[in-house]
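K.L.:
Below are the structure tokens for one structure; questions will follow.
The values are calculated or read from the model by the stated rules, or taken from the named source; none is laboratory data. The model shown is predicted, which means the values in this text are computed figures rather than measured ones. As a convention, Cβ positions derive from the backbone with ideal geometry for all residues, glycine included, and neighbour counts pool all protein chains shown.
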Amino acid sequence: MNHLIRKSVQAMAGYVPGEQPRDAKLVKLNTNENPYLPSADVQDILSMIDIAVLARYPDPVCLELRKVIAELHGCEVEQVFVGNGSDEVLALCIRAFVERQGSVGYFDPSYSLYPILADIEDVEKKPVALDAAFGWQMPADYAASLFFLTNPNAPTSLQYSKANVEPFVKEFGGVVLIDEAYADFAQENCMDLALVNENVLVARTLSKSYSLAGIRLGYCVGNTELIGALYKIKDSYNVNYLTQEVARVAILDQNTMKANVQAIIETRKLVSEKLTDLGFAVTNSETNFLWIKPQGISAKAFVKELGKKNIIVRYFGDDEHTKDYLRVTIGTAPEMFAFLDAVEGILNGSE
Ligand SMILES: *Cc1c(COP(=O)(O)O)cnc(C)c1O
């Protein structure tokens, strides 16, 4: 049977997304979804959609949606590419910018999908290990065709300052895609680097800050020629009609997104302080999740104990960089009180 499958595909592991259990009694803090409702305008537009339009193909280039995104970032429509989740945008970037002999760079740890996307295209991976404090320093003479720079980083939750990112992108010989999935939760972002540097793209998603992981919408902004290359190779109708409409009204309603983000930031501060008091090492999160290290019990055992109490968080396995930590999405305040109760129960040895 194996002779029918490409060797590189046989050799690779598939991406394993966080579990998506539907059990209502679980407190689900494992995939960085937003616990609050998206804009009420989303409900309105869905009620108003005439089902006759669904018989037709959608706009292949998502013009109305891209106008709204271009307006938001103060750029031209030709500088905006829209995809079926930012995961699709990332995959297309490898296909568009990396030759067969080329390479893909990213920090380790960062988003665990990048190496898998490189494996799918069968191109070289050039990870750069972060230091013990999860900071970065590029190795001398480092080069790659494309570098995925996650900022703020996942799963570490830390932001790299623009003052550090800017000299790196200006010196780098390949394309830099700054993956800003969490930028709305951070104090700073690098969008303007994409507007002035011809080798920089900035990617955003509606999955986190806009509470719309279910519609699958991501986009990137940057140089018109890079954006044009992505348009050449995408599927004809990569973003469906319903998603285009929902995303458009959600982005127009910045107030709802910002209010939800503010609530998450407040909860983040409270939980972060409480965990610090309980003896956890907690990184300074600029995202909608916390990257925490328990004391006196292994992270792996801790995740298991939380699971027994119906709380699911994300553990990234035995890798040297990640084995001592767990990633906890910021949920609603009641969800986080349930989480903190469970944490205290575990620390006090109660079952
Ligand atoms: C969640 C996430 C994505 C994926 O976004 P989608 O639009 O849901 O595909 C991309 N990059 C990072 C760093 C993420 O955390």
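K.L.:
Can you pull out the residues in region 196-225 that are part of a helix (DSSP H, G or I), within 21 Å of the chain's Cα centre (by Cα) and more than 9 Å from the ligand (Cβ to nearest atom)? Outline the logic, then answer.
P.N.:
Step one: of region 196-225, the residues part of a helix (DSSP H, G or I) are 196, 213-215, 224-225.
Now narrow it down to the ones that are within 21 Å of the chain's Cα centre (by Cα): 213-215.
Answer for region 196-225, where residues must be part of a helix (DSSP H, G or I), within 21 Å of the chain's Cα centre (by Cα) and more than 9 Å from the ligand (Cβ to nearest atom): Gly214, Ile215.
K.L.:
Also, I was wondering about something else. Of all residues in region 192-234, which are surrounded by fewer than 20 Cβ atoms within 10 Å (Cβ to Cβ) and touching a residue at least 24 places away in the same chain (Cβ under 8 Å)?
P.N.:
Going through region 192-234, the residues surrounded by fewer than 20 Cβ atoms within 10 Å (Cβ to Cβ) turn out to be 192, 195-198, 213-214, 223-225, 228-229, 231-233.
Selection gives Leu195, Asn197, Glu198, Ala213, Asn223, Thr224, Glu225, Gly228, Ala229, Tyr231, Lys232, Ile233.
K.L.:
Which is touching a Phe, Trp or Tyr at 6+ places or on another chain (Cβ under 9 Å) and on the phi > 0 side of the Ramachandran plot, of Ser157, Ser145, Ser112?
P.N.:
Working: Ser145 fails: on the phi > 0 side of the Ramachandran plot; Ser112 fails: on the phi > 0 side of the Ramachandran plot.
Being touching a Phe, Trp or Tyr at 6+ places or on another chain (Cβ under 9 Å) and on the phi > 0 side of the Ramachandran plot holds for just one of Ser157, Ser145, Ser112, which is Ser157.
K.L.:
What number of residues within region 1-47 satisfy the criterion of being within 16 Å of the ligand (Cβ to nearest atom) and among the polar types (S, T, N, Q)?
P.N.:
Within region 1-47, residues that are within 16 Å of the ligand (Cβ to nearest atom) and among the polar types (S, T, N, Q) number 5.
K.L.:
Is at least one residue of region 305-318 more than 30 Å from Ile49 (Cβ to Cβ) and of a type in the set (S, T, N, Q)?
P.N.:
Yes, region 305-318 has at least one match.
K.L.:
Quickly run through region 148-207 and pick out the residues that are within 17 Å of Val89 (Cβ to Cβ) and among the aromatic types (Phe, Trp, Tyr).
P.N.:
Phe148, Tyr182
K.L.:
Please list, ordered by first then second residue, the pairs with beta carbon atoms under 6 Å, 6 or more apart or interchain, first in region 158-173 and in the same structural domain as Phe134 (by TED's automatic domain parsing) and more than 20 Å from Ala186 (Cα to Cα), second of a type in the set (Asp, Glu) and part of a helix (DSSP H, G or I).
P.N.:
Hits for this filter: zero, empty list.
K.L.:
Quick test of your reading of the structure: Ala250 fulfils all but one of (1) in a helix (DSSP H, G or I); (2) surrounded by fewer than 19 Cβ atoms within 10 Å (Cβ to Cβ); (3) within 16 Å of the ligand (Cβ to nearest atom). Name the failing condition by number.
P.N.:
(2)
K.L.:
Here's a check for you: in region 120-141, which residue that is crowded, with 16+ Cβ neighbours inside 10 Å and part of a loop (DSSP other than H, G, I, E, B) is farthest from the chain's Cα centre (by Cα)?
P.N.:
Among residues in region 120-141 that are crowded, with 16+ Cβ neighbours inside 10 Å and part of a loop (DSSP other than H, G, I, E, B), the one farthest from the chain's Cα centre (by Cα) is Val123.
K.L.:
Going through region 78-130 one residue at a time, which ones are closer than 18 Å to Pro17 by Cα and hydroxyl-bearing (Ser, Thr, Tyr)?
P.N.:
Result: Ser86, Ser110, Tyr111, Ser112, Tyr114.
K.L.:
Still on this structure: Which ones in region 172-190 are more than 14 Å from the ligand (Cβ to nearest atom) and either in a strand (DSSP E or B) or surrounded by fewer than 20 Cβ atoms within 10 Å (Cβ to Cβ) (or both)?
P.N.:
Listed by number, the residues that qualify are Gly173, Gly174, Val175, Val176, Gln187, Glu188.
K.L.:
Would you mind stating whether Arg268 is assigned by TED's automatic domain parsing to the domain that holds Asp192, part of a helix (DSSP H, G or I) and not hydrophobic (A, V, I, L, M, F, W, C)?
P.N.:
On the way: assigned by TED's automatic domain parsing to the domain that holds Asp192: no; part of a helix (DSSP H, G or I): yes; not hydrophobic (A, V, I, L, M, F, W, C): yes.
Considered against the rule, which asks whether it is assigned by TED's automatic domain parsing to the domain that holds Asp192, part of a helix (DSSP H, G or I) and not hydrophobic (A, V, I, L, M, F, W, C), Arg268 comes out as no.
K.L.:
Okay, moving on. Only one of these is part of a helix (DSSP H, G or I), modelled with pLDDT of 95 or more and under 22 Å from the mean Cα position of the chain (by Cα): Ala229, Ala263. Name it.
P.N.:
Working: Ala229 fails: under 22 Å from the mean Cα position of the chain (by Cα).
The conditions single out Ala263.
K.L.:
Right, next: Tell me which of these Phe316 doesn't satisfy, since it passes every other one: (1) more than 26 Å from Ala133 (Cβ to Cβ); (2) under 20 Å from the mean Cα position of the chain (by Cα).
P.N.:
Looking at each condition in turn, Phe316 falls short on (1).
K.L.:
When you check Leu158 against the structure, is it touching a strand residue (DSSP E or B) at 6+ places or on another chain (Cβ under 6 Å), modelled with pLDDT of 95 or more and buried (at least 16 other Cβ atoms within 10 Å of the Cβ), yes or no? Show your work before the answer.
P.N.:
Numbers: touching a strand residue (DSSP E or B) at 6+ places or on another chain (Cβ under 6 Å): no; modelled with pLDDT of 95 or more: yes; buried (at least 16 other Cβ atoms within 10 Å of the Cβ): yes.
Judged against the criteria, Leu158 is not a match.
K.L.:
Return the pair list, or none, for Cβ contacts closer than 7 Å from residues in region 109-128 that are within 22 Å of Ile5 (Cα to Cα) to residues that are among the acidic types (Asp, Glu) and within 15 Å of the ligand (Cβ to nearest atom), at least 6 apart or on different chains.
P.N.:
These pairs meet every condition: Leu113/Asp87.
K.L.:
Right, another one. Kindly provide the set of residues from region 325-351 that are at pLDDT below 95, buried (at least 17 other Cβ atoms within 10 Å of the Cβ) and of a type in the set (Ser, Thr, Tyr), ordered by number.
P.N.:
none
K.L.:
Then there is this: If I filter region 86-106 down to residues being closer than 16 Å to Glu124 by Cα and within 11 Å of the ligand (Cβ to nearest atom), which single residue comes out as surrounded by the most Cβ atoms within 10 Å (Cβ to Cβ)?
P.N.:
Tyr106
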